[in-house]
Amino acid sequence: MTEMLITRPEHDKTTHYLSNWSKEIINIAEGKNIKVFDLNREKAIRTNVEVRLRKLSCNLTFFNGHGNFNVITGHNNEPIIIGGENENLLKSKIVYAISCKSAKELGPRSVKAGAVSYTGFDDDFIFVYEPENISRPLHDNTAKLFLEPSQLFMKSLIKGNSVREGMDKTKKLLADNFLKALNDNDRDSAKYLWWDLKHFVSHGDVDAKLQ
Amino acid sequence: MSNLSEDIKELVIFRLEAFPSNRKVSIGSYGEFTKEELIEHVRKGDEIGKKVADIEMEFIRALKEGIVS
């Protein structure tokens, strides 16, 4: 059985948006008979992540949170995966991290340590949002321009597509939204969509699919 | 990016002025910012200001190269 680990801290506005937008992935995965381990809010801490990754054969890991070049963080920005300390726990897994910059160094390190692939952003992931919609982030049509593409990668993998196909679909939607923003004279969203598009990368076996 | 020149600051601030007041930007681990806060960081030329300028300049380069029309 395919197993998926997902982390969804919610301690600030950015993680609140990421967490809410990734809920749909849980529903889609469960609909495909994927067993989901959801580490939400205060459960998204290093101890829990390590226990889950050690005990379970999670083929797929999906991190939402902050990060840096060599780190993915969880609840209250606690580092949960650190290059040089525990990236070996990602061995044999397809990894997706919406965690700023981590695909720059942690990505290649994880693949070197045995991860099948590591997809994410090699610089900051940026999105624009409407503060008036903070209590209902899924109704925020500005944030949707950014967060719908960011979730599409997971949807594509769960549907059986390869990492490369997921990458292509995500980049295409980012590009489509970029053009839409330009056509709507929304240059501010456009420039940040352009930035995200340029910094969305994959390392490792991009032909890999969920088994 | 090295220290921001006054010309770059002026250009970036000019472009940021058009950012709607009813929106905010989430810039990864740096946090969430209003237009006024972004402009203030660019004025100071701090790490966040340099990041904002970097994003703006990358977009301008794309425009110049014709990738974005």
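Using C-alpha pairs under 8 Å with a sequence gap of at least 6, the mean separation divided by the residue count of chain A gives a relative contact order of 19 percent.
Take each residue of peptide A:10-20, count the partner chain Cβ atoms within 10 Å of its Cβ, and average: the result is 2. List the relative contact order of the stretch B:6-64 as a percent without decimals, with contacts defined as Cα pairs under 8 Å and 6+ residues apart. Across the stretch B:6-64, relative contact order equals 29 percent.
Reducing the stretch A:147-211 and the stretch A:4-65 to their Cα centroids gives an inter-centroid distance of 20 Å. Bridgeable lysines around A:LYS55 (alpha carbons under 19 Å apart, same-chain partners fewer than 8 residues away excluded): A:LYS35, A:LYS43, A:LYS91, A:LYS93.
Note on the stretch A:146-211: along the principal axes its Cα atoms extend 43, 20, 13 Å, ordered by decreasing extent.
Based on the Stokes-Einstein relation at 25 °C and a viscosity of 0.890 mPa s, and on the Kirkwood radius from alpha carbon pairs, chain B is assigned a translational diffusion coefficient of 198 µm²/s.
Inter-chain neighbour count for A:192-199: the average number of beta-carbon atoms from partner chains within 10 Å of each residue's beta-carbon is 3. The mean count of C-beta atoms from other chains within 10 Å of the C-beta of residues in A:121-128, rounded to a whole number, is 5. Taking a straight line from the alpha carbon of A:LYS169, these aspartates and glutamates sit under 12 Å away, with near neighbours fewer than eight places off in the same chain left out: A:GLU148. Summary value for the stretch A:91-174: 23 percent relative contact order, contacts being C-alpha pairs under 8 angstrom separated by 6+ residues. Mean residue ellipticity, 222 nm, helices only, the protein assembly as shown: the sum of -39500 (n - 2.57) across DSSP H runs of n ≥ 4, divided by residue count and rounded to 500, is -15000 deg cm²/dmol.
A convex hull fitted around the alpha carbon atoms of the stretch A:99-211 yields 103 Å³ per residue. Quotient of the Cα radius of gyration of the stretch A:3-204 and 2.2 N^0.38 Å, N being its number of residues: 0.95.
None of the figures in this text is laboratory data; all of them are computed from the coordinates on show. It should be emphasised that the depicted structure is a prediction, and the values quoted were computed from it without experimental measurement. Here the Cβ is made from the backbone with ideal geometry for all residues, glycine too, and neighbour counts use every protein chain on show.
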